[in-house]
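The values are calculated or read from the model by the stated rules, or taken from the named source; none is laboratory data. Source: prediction; values computed, not measured. Every residue, glycine as well, gets a Cβ built from its backbone with ideal geometry; the counts of neighbours run over all protein chains shown.
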Amino acid sequence: MINLETPKKIRPLVDQAHQVAMNMLRPISRKYDEAEHSYPKELDMLAAMIDGISESGATGGAGAAGVRRDEKPEEKKGNKNGANLASVLSIMEMCWGDVGLLLSMPRQGLGNSAIASVANDEQQERFAGTWAAMAITEPGTGSDSANIQTTARKDGDEYVLNGEKIYVTSGDRADSVVVWATLDKSLGRSAIKSFVVKKDNPGMRVERLEHKLGIRASDTAVIMFTDCRVPAEDLLGSPEIDTKQGFAGAMATFDNTRPLVAAMAVGCARASLDLTREILTEAGVVIDYDKPAFSQSAAAATFLQLEADWEAAYLLTLQSAWMADNRKPNSMQASMAKAKAGRMGSDVTLRCVELAGTFGYSEVELLEKWGRDSKILDIFEGTQQIQQLIVARRVLGLSSAELK
Amino acid sequence: MSSNSVNEPLKLPWSLLRAGGRHGLSDAEKRDPIGLAVAALNRIASSDLLDSLGLRKASERSVYRVTSAGFRTAGNVGRTFARAGRATQGNRVPATRNTGLFDLTPSEDEQMLADVVGEFAQEVVRPAASDANEACAAPQEMLKASLEIGLPILGVPEELGGIATERSAMAGTLVHEALATGDMGLAVAALSPGAVATALSLWGTDEQQSTYLPAFTGDEVPAAALALSEPTALFDPTTPATVALAQGNGYVLNGVKSGVVRGADAELFVVGAELDGKPRLFIVESSADGITIESDPSMGLRAASLSRLVLKDVAVERIALLGDASDYLECVRFSRLAWCALAVGTGQAVLDYVTPYVKERHAFGEPIAHRQSVAFMVANIAIELQGMRLVTYKAASRVAQGLPAEREIALARRLCAERGMQIGLDGVQLLGGHGFVKEHPVERWYRDLRAIGVMEGAVLV
């Protein structure tokens with residue numbers, strides 16, 4: 001039966017996340033936007049609290065937790081609402097609070113998502129509780145992540161990593177970094193593997209932290225790997241180079257993380273919409289759902305358009321998570337959600353600044369901050385253009401060689 | 001600017017000097033001497049005198065024309081609807097039950113219905129679409145066949161001879177979508193009687209249901225139209241200019257409704273009019289005195305034979321008043337939702353058409369689909385279309401569950417009007433010059449998709 005309401009059993013989690021966002025993240029939102037690179041110490045307490053909630057089994061993941069498709073056949077037949085839906089819904093709430101702080105949440109890094117997605121059972125257990133950042137991008141490699149130059153050379157029971165990684169979210173704060181490196185450049189994308197590198201590894205050095213347009217609460221590191229020796233068992237998944245499977249293994253992570261980033265854009269944009277609705281209402285603007293938009297003020301008509309686009313992005317995000325919960329292949333839907341949410345996020349937050357005038361532009365309120373924070377969400381985990389490319393290939397049935 | 005009076009529908013002041021008010025010209029336009037000469041020459045050139053003198057080959061003239069010389073007729077003298085039942089609340093189906101789970105899978109019944117209608121759309125509707133567009137009429141065989149698959153009784157309670165056991169807004173949405181993948185104009189023509197039957201089912205008294213519904217559940221289903229639109233700029237259905245006055249034992253209606261589906265054939269109308277300052281619905285039989293139907297061919301939806309319904313001192317009995325003012329508002333919303341479903345169906349038709357086209361069409365030595373500028377357009381059609389679909393489904397499912405849905409329907413309408421039109425535009429653009437000619441259906445879909453956000457009434461879920 002078609003029903004797109006928030007699932008009953010996830011509602012308490014969403015309410016909880018909303019309270020945390022409102023009472024913990026919003027009060028420190030501006031503070032860490034201004035104090036870039038300083039560690040939001042308040043989050044340690046929050047992380048401990050979230051751990052407590054998770055252990056009690058009350059939540060299905062309150063932060064950017066890993067999402068995983070169990071290999072074991074489910075006993076329960078029929079429609080499932082599981083960890084993926086719970087994750088995107090709670091991330092929306094947390095990012096309604098603050099995207100940068102959500103990204104800084106201890107033990108909730110994107111690297112944790114990678115571990116959850118591709119690690120074997122033994123590794124899952126061993127890396128439980130670690131805070132893992134994700135290192136993919138290099139100075140010369142952005143969207144074409146198959147072109148990774150960082151190398152991993154097998155030496156006895158260890159791999160030796162060499163290369164430079166940039167844009168590593170929480171790269172300085174996390175306990176470990178999931179690094180993407182190639183075992184053999186000549187074998188192309190299928191030779192790309194990911195490794196968990198612990199923070200105390202002497203071969204790994206944080207070079208510097210970036211100064212950014214938005215999500216300034218989240219630190220973004222440049223990391224150098226110089227003859228960095230990693231135990232062989234810290235290679236995530238299978239060490240075999242399977243040319244048939246190609247890049248799929250590594251890319252599987254993205255199918256799981258893209259809905260999460262889409263959820264971030266949905267949450268951030270809703271913060272803007274909520275506040276703007278109130279500002280407009282105070283200014284005497286009536287937003288009427290029954291009257292034709294053109295018979296209302298331009299501000300009301302604009303707001304309706306923004307809210308309509310928001311609703312589409314929100315539901316595309318839920319769809320991709322719901323498909324993951326029900327083990328339907330969701331690669332295309334994940335990219336659809338990310339593409340729509342990414343552009344909607346920018347459009348909505350920037351329009352809201354415009355609607356609120358210099359009040360919206362001023363640091364007195366957070367509208368201008370959300371207008372800056374939203375931009376990264378249309379870039380990382382695959383830019384708008386990469387998402388369109390993925391969707392286009394799927395819809396048209398074209399290979400990456402045919403549609404470059 | 002435009003007049004709504006019964007005597008002079010949309011006749012605007014016109015003189016040789018002032019060009020405005022006709023031919024898409026604004027009042028700001030003035031004729032100078034050269035303009036006057038050209039205008040006079042044009043009048044001679046278009047005069048029938050030339051033809052009667054044999055000075056010009058007689059050109060073919062279609063019956064159904066865009067000019068004011070289109071047909072103008074009294075209402076269809078159809079059947080008489082024998083009064084029955086009592087003026088108590090009619091039969092109502094219950095809301096659907098919520099499972100509490102997020103789910104995008106239609107129920108088995110809904111899926112079966114959507115499959116049947118989808119097949120009908122591909123095998124019967126699509127092949128008939130081009131001719132129906134030219135003829136400005138839906139073929140009788142197709143309309144007959146649409147009765148067999150149960151379109152008019154989808155929203156009618158089982159106890160009254162229909163098939164609904166619970167609120168059918170979701171099933172209706174899926175059916176509208178599926179039918180519009182064939183052709184939006186024909187879909188509207190086929191769905192129009194069901195809109196009236198659904199309105200009677202949702203808001204009718206026992207008397208209204210007993211009097212009118214048997215015609216829709218029988219073999220000879222009448223053409224019928226839900227008439228909410230009016231031909232004015234910025235038309236707001238919550239404040240119709242058509243008025244009803246209580247008089248004697250009934251009401252008297254005056255006004256002009258537009259976007260009336262198959263007006264000349266219709267035997268029954270549900271009309272929106274203001275009564276005591278509140279918008280209300282009225283059931284009007286086509287045989288009533290004072291009804292004039294004018295052809296009103298429009299940009300698209302031509303197979304739906306859009307017309308104007310001119311009401312001049314039309315007297316109706318007390319039984320005519322359908323539902324209350326809040327039911328009227330619901331009617332507006334549920335109709336908008338049905339248009340959203342049609343937009344999704346036609347959008348899907350566009351996507352399904354351009355996808356193989358851009359892979360087969362070669363330019364610069366390779367399929368144009370291999371170019372990002374082309375491929376990304378297709379991707380965006382797919383993305384926005386799925387967004388439209390989900391927002392529409394959410395609204396429909398809320399309606400089916402009896403939850404408030406004014407917000408969701410408003411958002412679906414905004415999205416489908418905006419993004420749906422963009423899909424129509426891109427569909428034509430992707431075919432280039434081929435998209436502009438009638439050899440391909442995309443130009444028709446482009447015209448049809450402009451109806452979203454414009455039309456009120458006509459269809460209902």
Can you confirm whether the stretch B:178-200 contains a residue that is within 14 Å of chain A (Cβ to nearest Cβ) and out of contact with any helix residue (DSSP H, G or I) (no Cβ under 6 Å at 6 or more places or on another chain)? no
When only residues in the stretch B:391-409 that are free of Cβ contacts under 8 Å to residues at least 24 places away in the same chain and within 7 Å of chain A (Cβ to nearest Cβ) count, which is farthest from B:LYS359 (Cα to Cα)? B:ARG407
Checked A:LEU183, A:LEU213 against criteria (over 30 Å from A:SER400 (Cα atoms), surrounded by fewer than 22 Cβ atoms within 10 Å (Cβ to Cβ) and not assigned by TED's automatic domain parsing to the domain that holds A:ALA265); the one match is A:LEU213
Pull up the stretch A:352-392, narrow it to residues that are more than 17 Å from A:ARG258 (Cα to Cα) and either within 14 Å of chain B (Cβ to nearest Cβ) or among the small types (Gly, Ala, Ser) (or both), then point me to the one that is nearest to the chain's Cα centre (by Cα). A:GLY371
Looking only at helices (runs of 4 or more DSSP H) that lie completely in the stretch B:85-197, which have at least 2 residues being surrounded by fewer than 24 Cβ atoms within 10 Å (Cβ to Cβ)? B:108-120, B:126-135, B:140-148
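Okay, residues lined up against (1) more than 14 Å from chain A (Cβ to nearest Cβ); (2) of a type in the set (D, E, K, R):
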| residue | (1), (2) |
| --- | --- |
| B:ILE291 | yes, no |
| B:GLU294 | yes, yes |
| B:ASP324 | yes, yes |
| B:LEU329 | no, no |
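Yes or no, residue by residue, for (1) charged (D, E, K, R); (2) surrounded by fewer than 19 Cβ atoms within 10 Å (Cβ to Cβ); (3) within 23 Å of B:VAL125 (Cα to Cα):
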| site | (1), (2), (3) |
| --- | --- |
| B:GLU406 | yes, yes, no |
| B:ALA410 | no, no, no |
| B:ARG413 | yes, no, no |
| B:ARG419 | yes, no, no |
| B:ILE423 | no, no, yes |
| B:GLN429 | no, yes, no |
| B:LYS438 | yes, yes, yes |
| B:GLU443 | yes, no, yes |
| B:ASP448 | yes, no, yes |
Among B:GLY453, B:GLY457, B:GLY365, B:GLY427, which is the only one that is touching a strand residue (DSSP E or B) at 6+ places or on another chain (Cβ under 7 Å) and of a type in the set (Gly, Ala, Ser)? B:GLY457
Go through (1) under 14 Å from A:ALA269 (Cα atoms); (2) among the hydrophobic types (A, V, I, L, M, F, W, C); (3) touching a strand residue (DSSP E or B) at 6+ places or on another chain (Cβ under 9 Å) for A:PHE380 and report which single condition fails. (1)
Screening A:PHE254, A:PHE303 for residues that are of a type outside the set (D, E, K, R), part of a helix (DSSP H, G or I), modelled with pLDDT of 95 or more and crowded, with 21+ Cβ neighbours inside 10 Å leaves only A:PHE303
Take the residues of the stretch A:280-332 that are among the aliphatic types (A, V, I, L, M) and under 16 Å from A:LYS80 (Cα atoms): which is farthest from the other protein chains (Cβ to nearest Cβ)? A:ALA324
In the stretch B:299-329, the residues that are of a type in the set (S, T, N, Q), touching a residue at least 40 places away in the same chain (Cβ under 8 Å) and on the phi < 0 side of the Ramachandran plot: B:SER307
Evaluate the following for B:ALA382: is it surrounded by 21 or more Cβ atoms within 10 Å (Cβ to Cβ), under 18 Å from the mean Cα position of the chain (by Cα) and not charged (D, E, K, R)? no
